[in-house]
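Shown next, in C-alpha cells, is the structure this report addresses.
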Amino acid sequence: MKVLVANRGEIAIRIMRAAAELNILTVAVAPKDDAGSLHTGKADEAVTLEGTGTAAYLDISQLVAVARESDCDAIHPGYGFLAENADLARTCAEDGLTFIGPRVDTLELFGDKARARVAATAARVPIIRGLDHAVSPEEAAAFFDEIGGGRPRGRRSGGRGMIIKAAHGGGGRGSRVVERAGEVAATYQRCRAEAQAAFGNGDLYVEEFIQQARHVEVQILGDVHGSIAHLGERECSVQRYFQKIIEVAPAPGLADDLRSRIIEAAVRLADSVSYSNAGTFEFLVDVSGNDNEQPFGEPFGEPFSFIETNARLQVEHTVTEAVTGVDIVQAQIRLAEGASIAELGLDGPQVAKPRGYAIQARVCMESIREDGSIYPASGTLSAYEAPTGPGVRTDGFGYSGYKTSLSFDSLLAKVIGHSPSASFADTIARTSRALSEFRIEGVDTNIAFLQSILAHQDFASGSIDTRFVDNEMTKLATASAAHRRFVTPPGYET
C-alpha cells in the first residue's frame, strides 16, 4: 500500500509515522509557498502542487492526479482541508483509490448538521431544541422568539440565547450566539458570510444556546462489516469562541452513569448509520443547575444532547491514544483496508477503559495581550526545542529557521501530558511542566496562556463549561505573564 497524505504540518507527519510503522510508503504534497513545512521531508516522496496557500490543498482533481501519478493506492486527508469532503471520497472511489475515512453517504449525512439532527432523533439520541433545516433570517428570528429569547432561563444560567451555526462546517466558523432580538438579522448575515467564505456554502441552522454546558465527545471506530467500537470520551469544554484549546481524556468528574449513557448514545447513532472508520460524536452536558425546566434531551428527557459528528480524525485524538494505547491513525488505515474491529483487537470492553488521564494543549502562533485581545503571529523560528520526558508527547512541525505563514492555520504543535495514575492533578502538573520547557523563539505563542488555564482552580476541579475561557479571558491573559517560560542557561548558544 502507498498513501498520499493530503495535508500539511503536524498531522501530515503524524500520519506518515503511523504508515511507516505499518511498512506503508507515503507521498507528501505542498505548494511552493509551503515547501519549507517539515512534513515534506518526512515522507518517502514529496510532490510540489500547483497553486498557493490553502487553495492548493483543496484542489481535489490535482490531488487525485498526483496520487495516480505517484502510484498511490489511497489518500489520507488528515483533519481540516478535505477531511470531510464527500466529493474527494467520491472521486477517489471513481479513480480506484481508497479514501481513508468514512463512506461518501456518511460524509454527506454528517456534513449537513441539520440532517444529522434528524438522524440522531431517528436513533433516539437526544438533541437540543432547534430547527432541522437551513433557515432564513425570518425563521431564525421566529425561533428566537419561540424559545423566549433574551428572557431568563433559570436560577443560574442567565437569559435564553440562540446559536446560529453553519450547516456545512466546523471549528466555530460561521457560528455565533444571539442573546437579543435586535441582533438576529446582523448576526445571521455575518454567519452566512463566514460560512460561505470558509466552506463554500452559506446555509445556516439554529439551536437554543445553553449558557452553561460541558462539551463531551466520544471516539468511535467502525468497520465495513457493521461492527462499532468506542474508545471512551474526551472533555473539550476549554474553548475560545467555539475553538478548542485544551482537551482531556477521560472527562474529569463525569458521573459514571452519565458517562455510560453518553457513550451508549454515540454507539447507537453510529450503529444506526453503519458508521465505518474513525469519527467523533459530540455532545453537550447541561450543568446550568435549572430546577424547573429541561431544555436538553428533546424528546427523551436526558441531561445531555447530541450536537454534531465529525466524520474524520480529530485534532485531539492524541489524548484518547494516550489513555487507551490504541493508535487511531493506524486503526484508520487498517479499517480502510477492510480489517474488522475484532481483528484490530478493539472488540473487548477493556480497550476503552482509560489508563489515568491525558491532557492536550494546543500551541498556537498568536500574540495575546493582557486585555484579552488576540492577534495572529508569524515570523521565522530562531529556536524550536520540544519538551520530552516520561509521559510527554509533542506533535509539531517547527524547527529553527522555519519561516511561518499567516496563509495557514496558527497551530504549531500539540503538547500531550499523560499520567497513568488516577490523579488528574499529576497530569496537569506534567503538562504544565512540559509547556514550560518548550523553547520557541522568533514567533509569539500562547504557551503562557495555556499554563494560566492549567493553573486555574476551576480547571483543576473540573468546574468548567464551554464559556469558561470567554468569561475569564482578561484574568487568564493577565495571569499568563506570571508563568515561567524557558530560561536560556548561561553560555547557551543557539
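The values are calculated or read from the model by the stated rules, or taken from the named source; none is laboratory data. Since this is a predicted model, take the numbers as computed values, not measurements. FYI the Cβ positions are ideal-geometry reconstructions off the backbone, even for glycines, and counts take in every protein chain you see. Surface accessibility is based on the protein's heavy atoms, side chains included, excluding ligands, DNA and RNA. Shrake-Rupley method; radii C 1.70, N 1.55, O 1.52, S 1.80 Å.
If the condition is being over 30 Å from ALA185 (Cβ atoms) and part of a loop (DSSP other than H, G, I, E, B), then segment 101-121 contributes GLY101, PRO102, ARG103. Considering each residue of segment 172-188 in turn, at least one proves to be under 30 Å from HIS418 (Cβ atoms) and modelled with pLDDT under 90. Taken over segment 212-236, residues that are open to solvent by 20 Å² or more (accessible area, probe 1.4 Å) and not in a strand (DSSP E or B) amount to 5.
Say we look at segment 37-72 and pick out the residues that are in contact (Cβ under 8 Å) with a residue 60 or more places away in the chain and open to solvent by 70 Å² or more (accessible area, probe 1.4 Å); which of these is farthest from ALA336 (Cα to Cα)? Checked segment 37-72; the qualifying residue farthest from ALA336 (Cα to Cα) is THR52. Screening ALA229 on (1) more than 20 Å from the chain's Cα centre (by Cα); (2) within 23 Å of THR121 (Cα to Cα) shows it passes everything except condition (1). The number of residues in segment 192-211 being over 26 Å from ASN277 (Cβ atoms) and either open to solvent by 10 Å² or more (accessible area, probe 1.4 Å) or not hydrophobic (A, V, I, L, M, F, W, C) (or both) comes to 10. For segment 76-120, the set of residues classified as closer than 15 Å to GLU308 by Cα and open to solvent by 50 Å² or more (accessible area, probe 1.4 Å) consists of GLU84, GLU108, ARG115, VAL118, listed by residue number. Listed by first and then second residue, the pairs linking a residue in segment 393-404 that is on the phi > 0 side of the Ramachandran plot to a residue that is among the hydroxyl-bearing types (Ser, Thr, Tyr), with Cβ atoms under 6 Å apart and 6 or more places separating them unless they lie on different chains, form an empty list. Among the helices (runs of 4 or more DSSP H) confined to segment 1-100, the ones with at least 2 residues that are closer than 24 Å to VAL224 by Cα are located at 9-21, 60-69, 86-94.
Pairs needed: first member in segment 187-202, over 15 Å from ALA134 (Cβ atoms); second member anywhere, open to solvent by 60 Å² or more (accessible area, probe 1.4 Å) and not in a loop (DSSP other than H, G, I, E, B); C-beta distance under 7 Å; at least 6 residues apart or different chains. Short answer, once both residue conditions are applied: THR187/ARG176; ARG190/ARG176.
Looking at segment 122-136, can you tell me whether even one residue there is in a helix (DSSP H, G or I) and of a type in the set (Asp, Glu)? Scanning segment 122-136, I find no residue that is in a helix (DSSP H, G or I) and of a type in the set (Asp, Glu), so the answer is no.
I'm checking my understanding of the structure. Among residues of segment 312-335 that are of a type in the set (Gly, Ala, Ser) and within 25 Å of ASP409 (Cβ to Cβ), which one is nearest to the chain's Cα centre (by Cα)? Looking at the filtered set, the residue picked out is ALA322. Just for segment 443-457: of the residues that are open to solvent by 50 Å² or more (accessible area, probe 1.4 Å) and not hydrophobic (A, V, I, L, M, F, W, C), which one is nearest to PHE209 (Cα to Cα)? Residue satisfying both the conditions and the ranking: GLN457.
Pairing residues of segment 83-94 that are touching a residue at least 24 places away in the same chain (Cβ under 8 Å) with residues that are open to solvent by less than 50 Å² (accessible area, probe 1.4 Å) and not in a helix (DSSP H, G or I), at Cβ distances under 6 Å and at least 6 apart in sequence or on separate chains, gives ALA83/PRO77; ALA83/ARG312; GLU84/ALA311; GLU84/ARG312; LEU88/LEU82; CYS92/ILE75; CYS92/PHE99. So is GLY169 open to solvent by less than 10 Å² (accessible area, probe 1.4 Å) and in a loop (DSSP other than H, G, I, E, B) or not? So GLY169 fails the test.
Within segment 349-365, the set of residues being over 20 Å from ALA455 (Cα atoms) and either at pLDDT 95 or above or of a type outside the set (S, T, N, Q) (or both) comprises PRO349, VAL351, ALA352, LYS353, PRO354, ARG355, MET365. Among the candidates SER367, SER421, SER382, SER400, the residue that is surrounded by fewer than 16 Cβ atoms within 10 Å (Cβ to Cβ) and under 24 Å from the mean Cα position of the chain (by Cα) is uniquely SER367.
Considering only residues that are farther than 26 Å from GLY174 by Cβ, touching a strand residue (DSSP E or B) at 6+ places or on another chain (Cβ under 8 Å) and either at pLDDT below 95 or open to solvent by 10 Å² or more (accessible area, probe 1.4 Å) (or both), which ones fall in segment 243-253? Hits for segment 243-253 are PRO250, PRO252. From (1) within 24 Å of the chain's Cα centre (by Cα); (2) modelled with pLDDT of 95 or more, pick out the condition that doesn't hold for GLN62. Of everything listed in (1) within 24 Å of the chain's Cα centre (by Cα); (2) modelled with pLDDT of 95 or more, GLN62 misses just condition (1). Among the strands (runs of 3 or more DSSP E) confined to segment 358-460, the ones with at least 3 residues that are over 17 Å from ALA479 (Cβ atoms) are located at 383-385, 392-396, 411-419, 439-441.
Scanning segment 315-329 for residues that are assigned to a helix (DSSP H, G or I) and in contact with a Lys or Arg (Cβ under 8 Å, 6 or more places away or on another chain) turns up THR318, VAL319, THR320, ALA322, VAL323, THR324, VAL329. Determine, yes or no, whether ILE262 is within 22 Å of SER463 (Cα to Cα), part of a helix (DSSP H, G or I) and at pLDDT 95 or above. For ILE262, the condition - within 22 Å of SER463 (Cα to Cα), part of a helix (DSSP H, G or I) and at pLDDT 95 or above - is met. Of the numbered criteria (1) of a type outside the set (Phe, Trp, Tyr); (2) closer than 28 Å to LEU344 by Cβ; (3) modelled with pLDDT of 95 or more, the one GLY80 fails is (3).
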